[in-house]
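So the structure is just underneath, and the comments pick up after that.
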Amino acid sequence: MNYTALQMLRPLYEGIKSSIPYRALSKQRVLPGVSVAIYMQDKEPEGAGDKLEEEDEWQLYASAGYASSELETDEKVSEDDSLEETWFDGDDLEFEGNTVNWDSPPCPAPLGIAHVIKIGVCDHCLARISGLNSRGSGQNSGSSIRDDAFLRDTELKSKIIQDYCPLCENLFDDIDNIVDRVFDTLSDTEFSTMQFGIHLPKDLVQEEDRIRSKYGAQGSYHLKGAIVESIHERIRNLDKEVDFVKEKPDVMVLVDGLTLRVDVDVRPIFLYGRYRKVSRGIPQTRWPCRACRGRAQGCDSCEETGLQYIDSVQDLIGEPIREALGAEDTSFHGMGREDIDVRCLGSGRPFVLEVKKPSKRQLPVEDLVDLVRENALEKVEVDSLTWCTRKKVNEVKQSRSEKTYTIRFRAEGLVDIEDAEKSILSLDGQVIDQETPQRVSHRRAAKIRRRKITSIDNVRFEGDEVEITMRCEAGTYIKELVHSDEGRTTPSVQSVLGTDCEVIWLDVLEIHSK
Ligand SMILES: [Zn+2]
Ligand SMILES: [Zn+2]
């Protein structure tokens with residue numbers, strides 16, 4: 001126990017000292033030679049004042065200046081029953097729930113080793129359940145344990161009942177084969193991290209567990225772990241540059257221990273960026289043909305493309321990237337979306353492109369940006385891309401930002417321009433109520449949204465056309481704010497002007513996100 005550790009513990013004791021009545025819940029060892037009481041405020045125990053129970057006595061002891069005697073010796077802790085140690089009683093005939101058979105006791109007893117050799121255990125399994133540290137590792141270690149056993153008992157060799165290992169069903173012989181299959185399957189895939197799993201038949205696992213707990217040395221490694229470790233070792237010996245990881249791997253490999261079937265899941269990669277849609281008539285995501293519902297061969301009305309719109313932001317950006325990375329498909333996750341006929345300008349709309357089952361994962365993002373630039377010319381622009389993780393998808397999806405728009409509309413019969421401008425500007429800073437617009441009511445629940453118009457400025461008139469710039473809270477329906485959607489949005493530009501307003505076009509000028 002050093003001084004620093006004491007210093008660290010002191011605040012805890014100080015806290016205890018000043019907190020009465022507290023009840024001791026449990027004592028835990030945190031450092032050698034120190035036991036700490038954990039306290040929780042509680043009601044007075046029932047019957048307080050009566051004869052003190054053992055625990056209450058301890059409480060009394062504890063709250064009466066336990067803090068000043070923070071150290072207890074090891075002996076005292078043991079007396080205190082805080083340490084529960086497991087003792088192996090030599091007379092105990094139970095061993096991990098099984099009755100010990102003294103003719104074949106558990107390994108590493110020589111008779112135990114002889115027994116497992118007799119029942120056919122392979123060198124790999126011998127090494128892991130013998131409880132002996134022998135020369136070499138794995139198979140080599142097992143074979144030297146076997147040789148030693150043959151020296152001790154010259155007749156042992158003739159007593160072996162089978163050459164089929166009851167612990168692994170000779171699965172260790174298939175390690176090279178399994179590894180070959182894994183790398184065959186991944187021959188066209190670039191990866192640097194792998195998560196590896198093996199599925200073993202339940203009855204094999206149960207039988208192995210039964211034999212191992214009866215005859216194996218205490219603490220022997222279980223079959224699954226030993227197999228996976230062997231596979232890792234084999235792959236390392238092949239000089240493959242692979243890191244084995246428990247999360248976020250490039251590839252996940254699952255092997256069926258019975259059929260040796262190899263399943264590989266190439267994990268997606270993610271790119272974050274912001275897009276500007278500089279041309280109208282482009283939906284954000286791929287939109288299947290209404291007539292044929294996007295079936296692979298398409299139909300006449302979609303000219304065999306399966307798409308309602310040939311271009312989408314998703315494919316203008318995603319297709320060149322998918323191709324370059326040899327991927328299967330993409331998903332597009334935007335921070336909200338604009339209507340097909342709406343442009344998105346300024347610094348653009350944040351998005352994450354998910355690239356599914358890529359065979360390459362290492363291309364420089366600058367190259368990908370160049371490919372997008374060529375492919376999406378005069379339609380969509382992306383300035384930069386960065387690699388990101390799946391976490392970014394949620395971040396982008398959940399983000400709600402104010403936006404600035406420019407909208408142009410026709411308002412006939414305006415007589416006094418100055419008056420009209422004043423009416424429009426009266427909406428600046430106002431809170432409006434928006435019923436779910438008719439155009440989206442088939443896919444959105446009917447409700448009233450209350451949204452704020454943060455600012456309106458730059459009102460321009462040109463004949464009977466008006467253009468305004470306004471900044472609104474996230475989720476405001478802008479076209480409806482202008483034409484009122486038959487009175488479903490109040491107030492609206494139409495209601496303050498007192499004349500029909502017909503939207504001509506709309507641009508997202510800026511998405512005010514970090
Ligand atoms: Zn075996
Ligand atoms: Zn079609």
Notebook entry, point to check: So which GluC sites (Glu not before Pro) in the range 174-283 pass both tests, a DSSP loop state and at most 16 other Cβ atoms within 10 Å of the Cβ?
Noted result: GLU190, GLU241, GLU247
Check: R0 = 45 Å: FRET efficiency of ASP263 with ARG210, Cβ-based, nearest 0.05?
Finding: 0.95
Notebook entry, point to check: Taking 0.36 nm per intervening residue step and subtracting the Cα-Cα distance, what contour gain separates GLU304 from ARG373 on full extension?
Noted result: 22.2 nm
Next item on the list: Give a quick list of GluC sites (Glu not before Pro) in the range 374-469 that DSSP marks as loop, anything other than H, G, I, E or B, with at most 11 other Cβ atoms within 10 Å.
Entry: GLU378, GLU412
Check: When N is the residue count of the range 363-504, what does its C-alpha Rg come to as a fraction of 2.2 N^0.38 Å?
Finding: 1.32
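At 1.4 Å probe radius, can you tell me the per residue accessible area of the range 375-514 in Å²? List each step's numbers first, then the result.
Numbers: 7690 Å² over 140 residues.
Ligands and nucleic acids excluded, the figure is 55 Å² per residue.
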Item checked: Residues with amide H under 5 Å from that of SER455, placed H, sequence gap 5 or more -> GLY429, ARG471
Notebook entry, point to check: How much space per residue, in cubic angstrom, does the convex hull of the C-alpha atoms of the range 193-312 take up?
Noted result: 203 Å³
Check: Label point 7 Å out from ASN140 along Cα-to-Cβ: which residues of the range 192-235 have amide N under 16 Å?
Finding: 230, 233-235
Note to self: Need the full-extension length gain, GLU366 to GLU190, defined as separation in residues times 0.36 nm minus the C-alpha distance. One decimal, nm.
What the structure shows: 61.4 nm
Item checked: Within-15-Å neighbourhood charge of VAL251 [Cβ basis; K, R +1; D, E -1] -> -1
Next item on the list: May I ask you to derive the FRET efficiency for GLN297 and ASP500 from their Cβ-Cβ distance with R0 = 51 Å, giving the value to the nearest 0.05?
Entry: 0.65
Margin query: Given points 7 Å out from each Cα along the Cα-Cβ axis, report the LYS397 to VAL245 separation in nanometres with one decimal.
Written below: 2.1 nm
Margin query: Test of understanding: what is the full-extension gain from HIS199 to LYS157, defined as 0.36 nm times their sequence separation minus their Cα-Cα distance?
Written below: 11.8 nm
Item checked: Where the range 209-306 is the region considered: accessible area per residue in Å², 1.4 Å probe -> 57 Å²
Next item on the list: Report the FRET efficiency, 1/(1 + (r/R0)^6), for GLN430 and ARG408, where r is their Cβ-Cβ distance and R0 is 22 Å, rounded to 0.05.
Entry: 0.55
Next item on the list: Calculate what fraction, in whole %, of the accessible area of the range 322-375 sits on carbon and sulfur atoms when a 1.4 Å probe is rolled over the protein chains.
Entry: 44 percent
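Percent of accessible area on the range 142-258 owned by carbon and sulfur, 1.4 Å probe?
Exposed carbon and sulfur together represent 43 percent of the surface.
The values are calculated or read from the model by the stated rules, or taken from the named source; none is laboratory data. On a predicted model such as this, the values are computed, not experimentally measured, just so you know. Cβ: placed from backbone, ideal geometry, glycine included. Neighbour counts: every protein chain shown. Remember, those area values only see protein heavy atoms, side chains included, never the ligands or the DNA or RNA. Shrake-Rupley method; radii C 1.70, N 1.55, O 1.52, S 1.80 Å.
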